[in-house]
1. Among the residues in the range 116-137, are any more than 28 Å from ASP98 (Cβ to Cβ), buried (at least 18 other Cβ atoms within 10 Å of the Cβ) and in contact with a Gly (Cβ under 8 Å, 6 or more places away or on another chain)?
2. Select from the range 300-316 the residues that are over 19 Å from the mean Cα position of the chain (by Cα) and either modelled with pLDDT of 85 or more or not small (Gly, Ala, Ser) (or both) and list them in ascending order.
3. Any idea which of (1) at pLDDT below 95; (2) part of a helix (DSSP H, G or I); (3) basic (Lys, Arg) is the one LYS51 doesn't satisfy?
4. Show me the helices (runs of 4 or more DSSP H) found entirely inside the range 185-293 where at least 1 residues are buried (at least 17 other Cβ atoms within 10 Å of the Cβ), at positive phi and not assigned by TED's automatic domain parsing to the domain that holds VAL173.
5. THR5 is checked against (1) β-branched (Val, Ile, Thr); (2) closer than 17 Å to ILE113 by Cβ; (3) part of a helix (DSSP H, G or I) and fails just one. What number does that condition carry?
Amino acid sequence: MSKTTDYLPIMDLFQKYIQETSKGRRLQKNGKLVSKSTIKNYQALRMNLVKFFEKDNTIFYVNINYRYSKRNFEFEKRNYRVFYRKFTDYLFLKGCTDNYVGLLVKTFKSFFIYLNQFKGYRTGDFFRDFYARREEIPVLVLDQSKLQFLIGDSAFENGLPVHLRVCKDIFVVGCSIGLRFSDLMALKVKNFEKLDNRYYIVKQSIKTNTISRIKIPDYVHKILLKYKGKQSTLLPKISLNQFNKNLKRFAEIAEWTDVVGKERSKRGIRKELKMKNGKAYRFCDLISSHTMRRTAITTMLILGMPEPLVRKVSGHAANSQEFYKYVKYTDSFVDAETDKVFDKLLQRI
């Protein structure tokens, strides 16, 4: 067994991991800074670890100078296995889903890779046995009739209070050009271009640093003109939390109240989740800022825009797994529309 001095508390090591990443000392493989959203994932894992160790009244020590022997191998393997089982048990008992546990496990693996490759420690590969199930969450999007309703129904818009009217405008812009909420809120006059009587939004993604140049339709241009000069940004600023609250409210006013349900997996078992009032989730209850981007991408795909061009607009990489969620969704849409065509054909026989 290794000397006692070879064992360091995992929380001390993990805190240094966060600090060095936050200060830019640790970079991505492509040399870019690690995004703020990824660092938030690190902080979430740290918070969960702190609470777990407090509850379990233990601490996990990492052997940074692992040397193989049968005895050392069995000891370290058992040590990692027990820690992993206890920690994931804690997360699931707390109510975490497979996807959230999977995110934390993925972060854990990157941390151990950092210890071995960046710090030069020898921890062994025991962390590679950490695993978590993943589930594919259904993509919630507006169908074309709902989007057309928001764009063209002036009576509905005029009946909304001012704060919900603003929310609706931001939502329509997001559903049309596919930018993330953070990118929409950061749009300024410099991001707006006019070329040959055509209007464009040029934006570098906050999350991926990808530059997108998006031609905007007339109705989006009109929305932007409504708020021109009233603030430093192209659209009124609003917090994400308040935007999502407003979004659910105006969706309810629009009577998008069909029950769609909500299911999540824990340890591979899917369970239906209910609202606090015990009722099933409706469409208006689940709508969020993510719906904007998903709606824009799926609408482009459904209406025939080639995948490479959609990726160029959305800022997804060519091999993005996230992007292919949308492709799968549109495939099912095409299947359903194809079935309708053949049903009509059979009716005429």
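The values are calculated or read from the model by the stated rules, or taken from the named source; none is laboratory data. Bear in mind that the values here come from a model prediction, so they are computed numbers and not experimental data. Here the Cβ positions follow ideal geometry from the backbone for every residue, glycine too, while neighbour counts run over all protein chains shown.
1. The answer is no; no qualifying residue exists.
2. MET300, LEU301, ILE302, LEU303, MET305, PRO306, GLU307, PRO308, LEU309
3. (1)
4. none
5. (2)
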